[in-house]
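Asker: Quick one: this structure, given as structure tokens, is what I'll be asking you about.
The values are calculated or read from the model by the stated rules, or taken from the named source; none is laboratory data. Small disclaimer: the values here were computed from a predicted structure and weren't measured. All Cβ positions, even for glycine, are placed from backbone atoms using ideal geometry, and neighbour counts span all protein chains on display. Please note that ligands, DNA and RNA were not included when accessible areas were found on the heavy atoms of the full protein model with its side chains. Shrake-Rupley method; radii C 1.70, N 1.55, O 1.52, S 1.80 Å.
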Amino acid sequence: MDGTPTKKFETLYTPLIPPLRHLMNSQGIDLSTSPFSDLLQLFVGSYLRDVLGSRPPASRTKLRKIGCGQCMHCNALDSYLLSTRTGPETFRLVQKLRLHLETRLGTAPDLVSFVTIRTGSPHGVQVTKVPEIVAVQGWDIK
């Protein structure tokens, strides 16, 4: 079977477990008996090794909110920062609000980078999470 270990797990093992459990329950067989317990241990071990993998190195960066906590634009920024979204996010705001957001972003170079988008109207600020934050969040959702 071709593909990544994650894809193999999703297409082969994940669909197999519920019908196997149902069949064993209908036959009065306990899942914790051999050889089924050995098979389930293999599944769990494979998942931990191939799908979950090792946790990214501990980052010195502590994920935190950086918005002012009083306006909807900062709330949207914090929502993006704490979300599992990995790609950049663009906030299109009038100059006063965009500068407010950029000031808040300037307090967290350990979490995000940002650039001002000077095309379109209103202009925007494109925010990108630093790779360490993306890696830790990606591992946490697995």
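Asker: If you go through region 1-41, how many residues are among the hydrophobic types (A, V, I, L, M, F, W, C) and open to solvent by less than 70 Å² (accessible area, probe 1.4 Å)? Break it down into steps so the answer makes sense when it comes.
Answerer: Start the filter on region 1-41 by keeping residues that are among the hydrophobic types (A, V, I, L, M, F, W, C), which leaves 1, 9, 12, 16-17, 20, 23-24, 29, 31, 36, 39-40.
Now drop any that are not open to solvent by less than 70 Å² (accessible area, probe 1.4 Å), which leaves 9, 17, 20, 24, 29, 31, 36, 39-40.
Residues in region 1-41 being among the hydrophobic types (A, V, I, L, M, F, W, C) and open to solvent by less than 70 Å² (accessible area, probe 1.4 Å): 9 in total.
Asker: A further question follows. Can you name every residue in region 112-134 that is more than 14 Å from Arg85 (Cα to Cα) and touching a Leu at 6+ places or on another chain (Cβ under 9 Å)?
Answerer: Correct list: Ser113, Phe114, Pro122, His123, Gly124, Val125.
Asker: Would it be correct to say that Ser59 is under 28 Å from Thr4 (Cβ atoms), in contact with an Asp or Glu (Cβ under 7 Å, 6 or more places away or on another chain) and modelled with pLDDT under 95? Explain how you work it out, then say what you get.
Answerer: Numbers: under 28 Å from Thr4 (Cβ atoms): yes; in contact with an Asp or Glu (Cβ under 7 Å, 6 or more places away or on another chain): yes; modelled with pLDDT under 95: yes.
Taking the combined requirement at face value, the residue satisfies it.
Asker: Does Tyr80 fit the bill of being open to solvent by less than 90 Å² (accessible area, probe 1.4 Å) and either at pLDDT 85 or above or under 17 Å from Val112 (Cα atoms) (or both)?
Answerer: Considered against the rule, which asks whether it is open to solvent by less than 90 Å² (accessible area, probe 1.4 Å) and either at pLDDT 85 or above or under 17 Å from Val112 (Cα atoms) (or both), Tyr80 comes out as yes.
Asker: Counting only residues that are open to solvent by 60 Å² or more (accessible area, probe 1.4 Å) and not in a strand (DSSP E or B), which one in region 105-119 is farthest from Lys65 (Cα to Cα)? First the steps, then the outcome.
Answerer: Here is the first cut: in region 105-119, the residues open to solvent by 60 Å² or more (accessible area, probe 1.4 Å) are 107, 109, 113-115, 118-119.
Subsequent filtering for residues that are not in a strand (DSSP E or B) retains 107, 109, 118-119.
Values: Thr107: 11, Pro109: 13, Arg118: 26, Thr119: 28 Å.
Across region 105-119, the extreme among qualifying residues is Thr119.
Asker: A follow-up question, please. Answer with yes or no whether Leu63 is within 23 Å of the chain's Cα centre (by Cα) and surrounded by fewer than 13 Cβ atoms within 10 Å (Cβ to Cβ). It would help to see each step written out before you state the result.
Answerer: Numbers: within 23 Å of the chain's Cα centre (by Cα): yes; surrounded by fewer than 13 Cβ atoms within 10 Å (Cβ to Cβ): no.
No, not satisfied.
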